[in-house]
1. Taking the highest mean first, how do the peptides 26-38, 101-113 order by number of other beta carbon atoms within 10 angstrom per residue?
2. So how tilted is helix 151-178 from the main axis of the chain? Cα-based, degrees 0 to 90, rounded to 10.
3. Per DSSP H run of at least 4 residues, take -39500 (n - 2.57); add these up for the chain, divide by its residues and hand me the 222 nm value, nearest 500 deg cm²/dmol.
4. May I ask you to order 15-24, 61-70, 152-161 by the average number of other C-beta atoms within 10 Å around their residues, highest value first?
5. Residue by residue through the stretch 71-85, what is 3J(HN,Hα) from phi via Karplus (6.51 cos²θ - 1.76 cosθ + 1.60, θ = phi - 60°)? Round to whole Hz and write x for glycine and proline.
6. Counting only protein heavy atoms, what percent of the accessible surface of the chain is carbon or sulfur at a 1.4 Å probe?
7. If I fit a long axis through the Cα atoms of helix 124-144 and take the longest principal axis of the Cα atoms of the chain, what angle between them do I get, 0 to 90°, rounded to 10?
8. Can you give me the accessible area per residue for the stretch 1-178, using a 1.4 Å probe, in Å²?
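The values are calculated or read from the model by the stated rules, or taken from the named source; none is laboratory data. Remember, predicted model here, so these are calculated numbers, not experimental data. All Cβ positions, even for glycine, are placed from backbone atoms using ideal geometry, and neighbour counts span all protein chains on display. Surface areas here come from the heavy atoms of the whole protein model, side chains and all, with no ligands, DNA or RNA. Shrake-Rupley method; radii C 1.70, N 1.55, O 1.52, S 1.80 Å.
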Amino acid sequence: MQEFNKKVFTYLLVTGILFSLVGIFGIFSPTIFSVYLVDILAAFFLVSGVKNFTKGFQFRKVPNFHWGLYIFIGVLEVVISLSLFSTPFASQIYMIIYAGIFMIFKGIFIVLNILFNRKIFPSLVDFSLGSGIIDLLFGVLLVALPFFSQQFIFLCIAWYILFSGANLILSAFYFKRSQ
């Protein structure tokens with residue numbers, strides 16, 4: 001179990017640092033970031049999909065944990081990732097709106113899961129609430145921004161990736177402290 005805990009901590013920390021660096025890059029180099037946005041979104045969905053898929057299988061024997069939904073979301077994210085990698089020239093606006101809608105649903109799922117299972121998994125709040133709120137807020141922004149200004153979309157995504165990375169880093173230390 002100690003080895004598993006160390007792997008979870010390392011995964012959260014490394015993924016958080018990587019996301020934070022990509023987010024900082026997007027904030028300070030929005031032009032270059034916008035050129036590679038499709039690849040960055042595809043990589044984000046791939047990493048998140050693999051994480052959710054494996055989390056679903058790891059916790060499938062835990063009572064009242066919605067492991068099947070994690071597996072479903074993981075598969076969906078991997079499929080989205082493969083689609084983005086294979087068709088990089090598709091319209092960026094539609095992909096961003098789609099990503100925003102997906103993030104809204106994912107955020108709602110995370111927040112509801114926390115609310116309904118707070119007593120069963122008290123540490124779930126420490127690890128997941130920030131992620132759910134970040135997904136909800138930036139999902140709404142991604143859906144709304146294409147109608148106002150395409151220029152701000154890239155910065156919105158960069159800030160989302162940065163906040164997600166910071167949340168993963170904090171989650172790593174919460175996880176380590178709770179062990």
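1. Numbers: 26-38: 15.8, 101-113: 17.5.
Peptide ranking by packing, descending: 101-113, 26-38.
2. With both axes taken from Cα atoms, the answer is about 10 degrees.
3. Details: 7 runs with 149 residues, N = 179.
Result for the chain, helices only: -29000 deg cm²/dmol.
4. Numbers: 15-24: 18.1, 61-70: 13.2, 152-161: 20.9.
Output ranking for 15-24, 61-70, 152-161: 152-161, 15-24, 61-70.
5. These are the phi-based 3J(HN,Hα) values: 5, 4, 5, x, 5, 4, 5, 5, 5, 4, 4, 4, 5, 5, 5 Hz.
6. 74
7. Around 20 degrees separate the two axes.
8. Numbers: 9930 Å² over 178 residues.
Here the per-residue accessible area is 56 Å².
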